[in-house]
Amino acid sequence: MSLVRDKDYTLHFDVPEEYQELEDARQAENGTAVQALVPGPEAGDIVPYGPTVPTVAHNIATQGTYSFNGEAAYTDLYTNRYFIGSAWYIVTVNNHNHTNELLTVTAYNVISKGTMAYKEGTTIEKYTMSGTGATANTKHFYLKFHAPVNVTGTIARG
């Protein structure tokens, strides 16, 4: 039984600095290639290459677990893919902000937990897509990380 998958729990654990590289390697081993997050524009900026939200799909059912990382002091970051193929997603967030700042993350097209704040360390969260049956699998799931950001993590099928 998985507490995150089956019971809809949120798990958070602190990884001591000396073990952080091992935890990052473990998560990378379970994911595909690590993708950098896409910077979003500052308020009022013109975006010549389209919207700030991701426009390319990653089918979690056929392409597997997705790893991400990004760092920005003043700019919000987005996953550079939106996710389809599942009605549930398991997201592992490693907040590396060592200034005791909470990392605020917004998940889109989910039933609840739309915006969450994560303290430093690792948190595993289950997100349930809005919609029912087959429509939930086709909704675009993606994340926005509010600045300041120093994060790694994975998105997996729930």
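In this structure the amide hydrogen of G158, modeled in the peptide plane, comes within under 5 Å of the amide hydrogens of W88, Y89, I90, none closer than 5 places in sequence on its chain. 3J(HN,Hα) couplings calculated from phi for the range 106-113 with the Karplus curve 6.51 cos²θ - 1.76 cosθ + 1.60 (θ = phi - 60°) are, in sequence order, 10, 9, 9, 6, 10, 6, 9, 6 Hz; Gly and Pro show x. Phi-derived couplings, Karplus 6.51 cos²θ - 1.76 cosθ + 1.60 at θ = phi - 60°, listed residue by residue for the range 59-70: 7, 5, 6, 9, 9, x, 4, 10, 9, 9, 7, x Hz, with x used for Gly and Pro.
Checking every one of the chymotrypsin sites (Phe, Trp or Tyr not before Pro) in the range 53-158 against DSSP loop status and a limit of 11 other Cβ atoms within 10 Å picks out Y74. 3J(HN,Hα) couplings calculated from phi for the range 143-155 with the Karplus curve 6.51 cos²θ - 1.76 cosθ + 1.60 (θ = phi - 60°) are, in sequence order, 10, 10, 9, 7, 5, x, 10, 8, 9, 10, x, 9, 10 Hz; Gly and Pro show x.
All of the numbers you see were taken from the coordinates with simple rules; none came from a lab. What you see is a predicted model; the values in this text were computed from it and never measured. Don't worry about glycine lacking a Cβ; one is built from the backbone with ideal geometry, like all the others, and counts go over all protein chains shown.
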